[in-house]
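Visitor: What follows is a single structure, and I will ask about it in a moment.
The values are calculated or read from the model by the stated rules, or taken from the named source; none is laboratory data. Just so you know, these numbers come straight off a predicted model, no measurement behind them. When we count neighbours, we look across all protein chains shown, and the Cβ atoms used for this are built from the backbone with ideal geometry, even at glycine.
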4 protein chains.
Amino acid sequence: MRASFARQLFMRHLGAELGEVGHGRVTISCPPRSELTQQHGFVHAGVVAAIADSAAGYAALSLLPAGSEVLTVEFKLNLMAPAEGDLLIARGRVLRSGRTLTVAEATVSALRDGEETACAVLLSTLIRRG
Amino acid sequence: MRASFARQLFMRHLGAELGEVGHGRVTISCPPRSELTQQHGFVHAGVVAAIADSAAGYAALSLLPAGSEVLTVEFKLNLMAPAEGDLLIARGRVLRSGRTLTVAEATVSALRDGEETACAVLLSTLIRRG
Amino acid sequence: MRASFARQLFMRHLGAELGEVGHGRVTISCPPRSELTQQHGFVHAGVVAAIADSAAGYAALSLLPAGSEVLTVEFKLNLMAPAEGDLLIARGRVLRSGRTLTVAEATVSALRDGEETACAVLLSTLIRRG
Amino acid sequence: MRASFARQLFMRHLGAELGEVGHGRVTISCPPRSELTQQHGFVHAGVVAAIADSAAGYAALSLLPAGSEVLTVEFKLNLMAPAEGDLLIARGRVLRSGRTLTVAEATVSALRDGEETACAVLLSTLIRRG
């Protein structure tokens, strides 16, 4: 999984890092650098979507046999608070792991001065390939 | 609108450009550079989401009084084909422009050798601020 | 397809009827009877979702080999105006028909005195079975 | 809230009942009667959507001042397992209650022989009126 993440050039372009990897659970963190912001100075919804989608995807992958791959079929993202602070943390979690499809969710929170604020929630469907 | 887009540092970080701006319709294009890819070499879903969300957002803004601002409340993105080729083109369109909320959609297609392939479709809700 | 629709007891319970069936396009109509309403007297979002989901599903089915079946994997519904009037009309349309998955959309409009108002839009993913 | 639910004629048409009502949490149950089924004999996605949407909506309402009303702006529903058994149970929960918008989720599970199976998950946005 860490090799796969390292091949995600976009995660590097964002400055995102793979954190804890558990059974059906994965964490990805990303510092909210200025080049990730939209016109109001908050992190762009696309960045929030990217790390949430990746966290959900690796959570899905963590429950599949080695050598499997997953592709995102679709996701929905609700933005609940501005994404800003010291660090964004996306936590993916599998809700249902089927033979072909996986349903996963992810939350994104912003860490500031040691306190976390919930920024966004994602609900996604992924398909197994290979 | 172009001034607002220019302040979106993340659009610059992606290499995305604002194209045509019409009444309730906006186009954003983005070359699929290698730093935007995921582990299979296709453009990351987060990039696709970012340009689709922005196209929908500026389409919403185009129907509001000057000085208005919009924030994305939520969006759903369906990925239909790998995002690759010579250029990604996101086209946003307003479905309903209300006093407080706007419903918009966007399609993302990949241009390769002059032919377009539909890659993704987004459906979003935006809220007016200011 | 009409045999399948006739086995949908819930469509009968709603009073919904299958209308035009084309290549990748299906129409379902439903009179907004009082037993379909929510607390404000408009048709309940669940009814709107039901006819939109079914229209999208039969549109998906119309492009698959005879004997195929489809199941809804997920859908998103945006409600744009109150569902009321003389007749609700859901029109499903396939956006992409793949080997395993189909992406479809549906619009729901309300007919009143011969004029249609757009009430809702649905974007869904379906999976082929059999 | 119970008076509002009683005015939802569609909930009565489904045979759904309002169960526990807590601070930001609401339960709605519905027996999977035959008139609620689709062509495979499972409960129709529209029914699952209806009780999940209502559970999320009443959960949202439970956190607002008396006399408030909420309307569903949009929702996304993932179907994870066939909806069948002795009783369907939708549990709504507020994720974020804002001044104008509320983000809520709901799960739907099927009870059979005393065991619950997760059938569906919904993520929705609601707007306050009045």
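Visitor: Only residues that are surrounded by 23 or more Cβ atoms within 10 Å (Cβ to Cβ) and either among the hydrophobic types (A, V, I, L, M, F, W, C) or touching a His at 6+ places or on another chain (Cβ under 9 Å) (or both): list them for region C:102-120, please.
Guide: Once the filter is applied, which keeps residues that are surrounded by 23 or more Cβ atoms within 10 Å (Cβ to Cβ) and either among the hydrophobic types (A, V, I, L, M, F, W, C) or touching a His at 6+ places or on another chain (Cβ under 9 Å) (or both), region C:102-120 yields C:Val103, C:Ala104, C:Ala106, C:Val108, C:Ala110, C:Cys119, C:Ala120.
Visitor: Just for region C:30-44: of the residues that are outside any strand (DSSP E or B) and at the interface with chain D (Cβ under 8 Å from one of its Cβ atoms), which one is surrounded by the most Cβ atoms within 10 Å (Cβ to Cβ)?
Guide: C:His44
Visitor: If you don't mind, there's one more thing I want to ask. What residue, among those in region C:60-80 that are in a loop (DSSP other than H, G, I, E, B) and within 13 Å of another protein chain (Cβ to nearest Cβ), is farthest from B:Ile127 (Cα to Cα)?
Guide: Checking each candidate, the answer is C:Ser68.
Visitor: Is at least one residue of region D:97-112 modelled with pLDDT under 95, farther than 16 Å from D:Ile51 by Cα and assigned to a strand (DSSP E or B)?
Guide: no
Visitor: Counting only residues that are part of a helix (DSSP H, G or I) and either at pLDDT 95 or above or out of contact with any helix residue (DSSP H, G or I) (no Cβ under 9 Å at 6 or more places or on another chain) (or both), how many does region D:6-29 have?
Guide: Qualifying residue count for the region: 6.
Visitor: Under the condition of being closer than 24 Å to D:Thr100 by Cβ and within 10 Å of the chain's Cα centre (by Cα), which residue from region B:50-66 is surrounded by the fewest Cβ atoms within 10 Å (Cβ to Cβ)?
Guide: So the residue we want is B:Tyr58.
Visitor: Still on this structure: What number goes with the only condition from (1) surrounded by fewer than 21 Cβ atoms within 10 Å (Cβ to Cβ); (2) hydrophobic (A, V, I, L, M, F, W, C); (3) facing chain B (nearest Cβ under 8 Å) that A:Met1 does not pass?
Guide: Answer for A:Met1: the failing condition is (3).
Visitor: So, one more: Return yes when A:Ala83 is within 12 Å of chain B (Cβ to nearest Cβ), surrounded by 24 or more Cβ atoms within 10 Å (Cβ to Cβ) and assigned to a strand (DSSP E or B) and no when it is not.
Guide: For A:Ala83, the condition - within 12 Å of chain B (Cβ to nearest Cβ), surrounded by 24 or more Cβ atoms within 10 Å (Cβ to Cβ) and assigned to a strand (DSSP E or B) - is not met.
Visitor: I've got another one for you. Based on this model, can you work out whether C:Glu69 counts as touching a residue at least 12 places away in the same chain (Cβ under 8 Å) and surrounded by 24 or more Cβ atoms within 10 Å (Cβ to Cβ)? Walk me through it before giving the result.
Guide: Numbers: touching a residue at least 12 places away in the same chain (Cβ under 8 Å): yes; surrounded by 24 or more Cβ atoms within 10 Å (Cβ to Cβ): no.
Answer is no for this residue.
Visitor: Follow-up. Among the residues of region A:33-42, which ones are at pLDDT 95 or above and in contact with a Phe, Trp or Tyr (Cβ under 8 Å, 6 or more places away or on another chain)?
Guide: A:Glu35, A:Leu36, A:Thr37
Visitor: Exactly one condition in (1) under 16 Å from A:Glu105 (Cα atoms); (2) of a type outside the set (A, V, I, L, M); (3) crowded, with 24+ Cβ neighbours inside 10 Å is false for A:Gly24; which is it?
Guide: Going through the list (1) under 16 Å from A:Glu105 (Cα atoms); (2) of a type outside the set (A, V, I, L, M); (3) crowded, with 24+ Cβ neighbours inside 10 Å, A:Gly24 breaks only (3).
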